[in-house]
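Peer 1: The following block contains the structure, expressed as structure tokens.
The values are calculated or read from the model by the stated rules, or taken from the named source; none is laboratory data. Not measured: the values here are computed from a predicted model. Cβ sites come from the backbone with ideal geometry, for glycine too, and all protein chains shown count toward neighbours.
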Amino acid sequence: MIGMMGAGKTAVGLAVAERLGVPFMDSDEEIVKAANMSIAEIFERDGEGFFRARESEVIGRLLDSEKAVLSTGGGAFMTDANRNMISDRGVSVWLKADLELLWNRVKHKDTRPLLRTPDPKKTLTDIYEARVPVYAQADLSVQARPEYSISDMADAVVQALLTRPDVLERD
């Protein structure tokens, strides 16, 4: 699962993993466990570059483990190496949400280190505009809609995955 912060990668990923009967993994969660600190603390102490390097290592390790649904951090797909690694070892699914939907989901949360700026909506807009063209390179995309429940999105992701028989076969 790839996409912007607030797109639903964790919630939808969990629901998809449950439907498919496979484990759910979250690269950000694995980094937090390994570092024994929050992502915000890692960013503050070691910087974004350090975090991105650890993120790539963790994604590689998780992709080499068992079949699973993997949720990646919003910036993970921005590097060529990560995009290639994900496509070579699995399939990238972009949870495509528009800017207003994302803003409505993240504006009241203080857990997003990249949004700790004087104008978080402008920051989100800038990140969105930079990332969308790269996310568009995903193997599959699923449009998020405000009226969709997590279950609706999970259904849409499974339907998208069924278009890839190399990844998911129909029963």
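Here's the yes/no breakdown for (1) touching a Phe, Trp or Tyr at 6+ places or on another chain (Cβ under 6 Å); (2) not small (Gly, Ala, Ser):
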residue	(1), (2)
Glu57	no, yes
Gly73	no, no
Asp80	no, yes
Gly90	no, no
Trp94	yes, yes
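Conditions (1) polar (S, T, N, Q); (2) touching a Pro at 6+ places or on another chain (Cβ under 6 Å); (3) more than 17 Å from Ile59 (Cα to Cα), marked per residue:
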site	(1), (2), (3)
Gly3	no, no, no
Gly6	no, no, yes
Ala15	no, no, yes
Glu18	no, no, yes
Met25	no, no, no
Lys33	no, no, no
Phe43	no, yes, yes
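Peer 1: While we're looking at this one, here's another question. State which residue is nearest to Ile2 (Cα to Cα) when the search covers only the range 133-145 and only residues that are assigned to a helix (DSSP H, G or I) and touching a residue at least 24 places away in the same chain (Cβ under 8 Å).
Peer 2: Here the answer is Tyr135.
Peer 1: For Val69, all conditions in the list (1) farther than 24 Å from Leu20 by Cα; (2) touching a Pro at 6+ places or on another chain (Cβ under 9 Å); (3) among the β-branched types (Val, Ile, Thr) hold save one; what is the number of the exception?
Peer 2: Checking Val69 against (1) farther than 24 Å from Leu20 by Cα; (2) touching a Pro at 6+ places or on another chain (Cβ under 9 Å); (3) among the β-branched types (Val, Ile, Thr), the one that fails is (1).
Peer 1: Got a number for residues in the range 58-72 being surrounded by 14 or more Cβ atoms within 10 Å (Cβ to Cβ) and part of a helix (DSSP H, G or I)?
Peer 2: Total meeting the criteria: 5.
Yes/no per residue for (1) of a type in the set (A, V, I, L, M, F, W, C); (2) closer than 18 Å to Ala17 by Cβ; (3) modelled with pLDDT of 95 or more:
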position: Ala40; (1), (2), (3): yes, no, no
position: Gly47; (1), (2), (3): no, no, no
position: Arg52; (1), (2), (3): no, no, no
position: Arg89; (1), (2), (3): no, yes, no
position: Arg105; (1), (2), (3): no, no, no
position: Lys121; (1), (2), (3): no, no, no
position: Thr125; (1), (2), (3): no, no, yes
position: Val132; (1), (2), (3): yes, no, yes
position: Tyr135; (1), (2), (3): no, no, yes
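Peer 1: Say we look at the range 89-128 and pick out the residues that are of a type in the set (Val, Ile, Thr) and surrounded by 18 or more Cβ atoms within 10 Å (Cβ to Cβ); which of these is nearest to Leu70 (Cα to Cα)?
Peer 2: The extreme case among them is Val93.
Peer 1: State whether one or more residues within the range 101-119 are without any contact (Cβ under 8 Å) to a residue 12 or more places away in the chain and part of a helix (DSSP H, G or I).
Peer 2: no
Peer 1: Additional query: Could you list, in sequence order, the residues of the range 18-34 that are among the hydrophobic types (A, V, I, L, M, F, W, C), in a helix (DSSP H, G or I) and at pLDDT 90 or above?
Peer 2: Result: Leu20, Ile31, Val32.
Peer 1: Here's a follow-up. Assuming Gly6 fulfils every condition listed in (1) at positive phi; (2) in a helix (DSSP H, G or I); (3) in contact with a Lys or Arg (Cβ under 9 Å, 6 or more places away or on another chain) apart from one, which condition is it?
Peer 2: Only one criterion in (1) at positive phi; (2) in a helix (DSSP H, G or I); (3) in contact with a Lys or Arg (Cβ under 9 Å, 6 or more places away or on another chain) is unmet by Gly6, namely (2).
Peer 1: Sticking with this one: I'm checking my understanding of the structure. Among residues of the range 24-53 that are more than 14 Å from the chain's Cα centre (by Cα) and small (Gly, Ala, Ser), which one is surrounded by the fewest Cβ atoms within 10 Å (Cβ to Cβ)?
Peer 2: Gly49
Peer 1: For the range 129-161, what are the residues that are farther than 17 Å from Ala11 by Cβ and exposed (fewer than 13 other Cβ atoms within 10 Å of the Cβ)?
Peer 2: Glu129, Ala130, Pro133, Ala136, Gln159
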